[in-house]
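> Please find one structure pasted underneath; my questions will follow.
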Amino acid sequence: MTRYIFITGGVVSSLGKGLGSAALGALLQARGYKVRLCKLDPYLNVDPGTMSPFQHGEVYVTDDGAETDLDLGHYERFTGVPARKNDNITTGQVYTEVLSKERKGDYLGATIQVIPHITNEIKDFIHEKEGTADFVLCEIGGTVGDIESLPFLEAIRQFGNEVGADRALYIHVTLLPYIPAAGELKTKPTQHSVKELMSYGIRPQILLCRADREIAQDERDKIALFCNIAKDKVIPALDVSTIYEVPLSYHGEGLDHQVMDSFGIKDIANLDLSIWERIVRRVKEPEGKVKIAIVGKYTNLADSYKSLNEALVHGGIANKIEVELKFFEGEDFEGDVDLAQHLQGVHGILVPGGFGKRGTEGKIKAVQYAREKKIPYFGICLGMQMAIIEAARNLCGIEDATSSELNDGGEHIVGLMTEWEQDGKKQAGTDKDLGGTMRVGAYPAKLTEGSRIAEIYGSADISERHRHRYEVNINYKDKLEEQGCVFSGLSPDGELPETMERIDHPWFIGVQYHPELKSKPFDPHPLFVSFIKAAVEQSRLV
Ligand code: GLN
């Protein structure tokens, strides 16, 4: 029997609901249950693929090719369950679906309304998860009180009513702000938020209270009294120094126990949290430290490189090393700038995925610096394309080498995936819609036996998640390889360069895909493990 846990948020956004849901998922797994996590997003975009990483953080890509919310990344990192396309739905998708059914006449001329048509569509999305897990955890994006959230709240209210109270649980995540003048944590915003939720007919049974300090028992009692919640179910969710401590912290406050209790499950499972204890120990007690420079474009919003940051931490966990990230804007390296001033003392340089021209010349300079100074270099997606363009310009003598994404003129070493073949086999990408025109999702690649990358993976056959429109022109393979820039991995048909590595460098690898998306703290991605190991070796040199 599948049980459903709905997680809503109150008071403010950015409370870490996604992380909280993921951590609860991990705790239920530790009790031996099968979990599935999904997210209902109230915004109108059809998918987050075209949303600015500045506003919304990174776009998380699933194996089955969906561009989804970054919370799905948290879910996967904490539970190891691969996220899927139908783990995320937005208002835009719901309306698109309902309107297309209306156009097809599926509603037989009925008046189409938010209730029941929109809410039914949302409930169908949740119902689809039936039987796939013991617990389905369903996070509702946004904050209670937002206009956009209303249909979702109404849908989960109906859902709980339909499946019965013994199969549905509502957890509300709120904030207790600390007011220095009063010297206390304030409970009023939480009271209002619960009241608002109750006005929609949803009575939360558990409150997860975010706070930056201990919540005194009398404050917890007060919340219980005013919010009509059992005292034991007012659970402090205090700030912790590493996100991987969240499952342990919630467990310490009794969250998983209270979830069992709310469902009336007499579970005496002796849960094993040793993997989380080991991870936290490694993060908190490293044996050394390396500095990694990330030369990107969206560097002033930490969430825009969420999975990447975490994958680097995972590489550190595997090496018992703290990884300090230093973010640089590619643009700041352009013109007459001495990169040594910025990059001196870093032990590894990484150019992550990105789109558009801004900052790319600076990224190419960073590649050159890493290559010449023999500093470990990791190029991801755009970062691999930058590495190829750098080699073409500075080693192959193609001075105007570029990508057609960046420049209409010049020699296009990198170009739109469909541009290469003029013989009619593939058509140039003429689709004017920006959504859905990329190569997104898991694709296999074949690595050359004996290459460094095959050695790192321990296998020649890999599958990784992609998100790109452009590719390196395979026709330049021989020219680049003569200069030590080896195409060590290709698509199985041998047409699309998937990885490159330099044979004259301690660690210089570019990949056309996003390995960071599959890295987990308990299963760090081999490329990140190897990159951080190379950075550790570099740190011993300087
Ligand atoms: N903009 C490049 C492309 O579309 C790289 C994409 C990326 O880095 N994810 O191919």
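The values are calculated or read from the model by the stated rules, or taken from the named source; none is laboratory data. All values reported here derive from a predicted model rather than from experimental measurement. Quick reminder, even Gly has a Cβ in these numbers, built from the backbone with ideal geometry, and neighbours come from all protein chains shown.
> Taking I388, is it closer than 26 Å to R465 by Cβ and either at pLDDT 95 or above or surrounded by fewer than 18 Cβ atoms within 10 Å (Cβ to Cβ) (or both)?
Spelling it out, I388 is indeed closer than 26 Å to R465 by Cβ and either at pLDDT 95 or above or surrounded by fewer than 18 Cβ atoms within 10 Å (Cβ to Cβ) (or both).
> For a quick check of your reading of the model, give me the residue pairs whose first member lies in the stretch 103-124 and is over 13 Å from A155 (Cα atoms), whose second is of a type outside the set (S, T, N, Q) and surrounded by 10 or more Cβ atoms within 10 Å (Cβ to Cβ), with beta-carbon atoms closer than 6 Å and at least 6 apart or on different chains.
Every condition considered, the pairs that remain are I112/E102.
> Output yes when any residue across the stretch 507-528 is modelled with pLDDT under 95, of a type outside the set (G, A, S) and touching a Pro at 6+ places or on another chain (Cβ under 9 Å), and no when none is.
Scanning the stretch 507-528 turns up no residue that is modelled with pLDDT under 95, of a type outside the set (G, A, S) and touching a Pro at 6+ places or on another chain (Cβ under 9 Å).
> On to the next question. In the stretch 398-420, which residue that is part of a loop (DSSP other than H, G, I, E, B) and touching a Ser or Thr at 6+ places or on another chain (Cβ under 6 Å) is farthest from the ligand (Cβ to nearest atom)?
Among those residues, the one meeting the criterion is G410.
> Filter the stretch 67-81 for residues that are more than 12 Å from the chain's Cα centre (by Cα) and at negative phi and give the result.
Listed by number, the residues that qualify are T79, V81.
Conditions tested, residue by residue: (1) buried (at least 17 other Cβ atoms within 10 Å of the Cβ); (2) away from the ligand (no atom under 16 Å from the Cβ); (3) in a loop (DSSP other than H, G, I, E, B); (4) in contact (Cβ under 8 Å) with a residue 40 or more places away in the chain.
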| site | (1), (2), (3), (4) |
| --- | --- |
| P444 | no, yes, no, yes |
| S459 | no, yes, yes, no |
| R467 | yes, no, no, yes |
| E471 | yes, no, no, yes |
| K479 | no, yes, no, yes |
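> A follow-up question, please. Looking only at the stretch 72-106, filter to residues that are of a type in the set (V, I, T) and assigned to a helix (DSSP H, G or I); which one of those is surrounded by the fewest Cβ atoms within 10 Å (Cβ to Cβ)? Even if it seems obvious, please write down each step before you answer.
First pass over the stretch 72-106, keeping only residues of a type in the set (V, I, T): 79, 81, 89-91, 94, 96, 98.
After this cut, where a residue has to be assigned to a helix (DSSP H, G or I) as well, the list is 79, 91, 94, 96, 98.
Details: T79: 23, T91: 22, V94: 26, T96: 13, V98: 20.
For the stretch 72-106, the residue satisfying everything is T96.
> Let me ask you something else. Restricting to the stretch 37-71, and then to whatever is among the hydroxyl-bearing types (S, T, Y) and modelled with pLDDT of 90 or more, can you tell me which residue is surrounded by the most Cβ atoms within 10 Å (Cβ to Cβ)?
Checked the stretch 37-71; the qualifying residue surrounded by the most Cβ atoms within 10 Å (Cβ to Cβ) is Y60.
> Being within 30 Å of P286 (Cα to Cα) and either in contact with a His (Cβ under 6 Å, 6 or more places away or on another chain) or not in a loop (DSSP other than H, G, I, E, B) (or both) is true for just one of Y170, Y244. Which residue is that? First the steps, then the outcome.
Details: Y170 fails: within 30 Å of P286 (Cα to Cα).
Y244 is the lone residue from the list that is within 30 Å of P286 (Cα to Cα) and either in contact with a His (Cβ under 6 Å, 6 or more places away or on another chain) or not in a loop (DSSP other than H, G, I, E, B) (or both).
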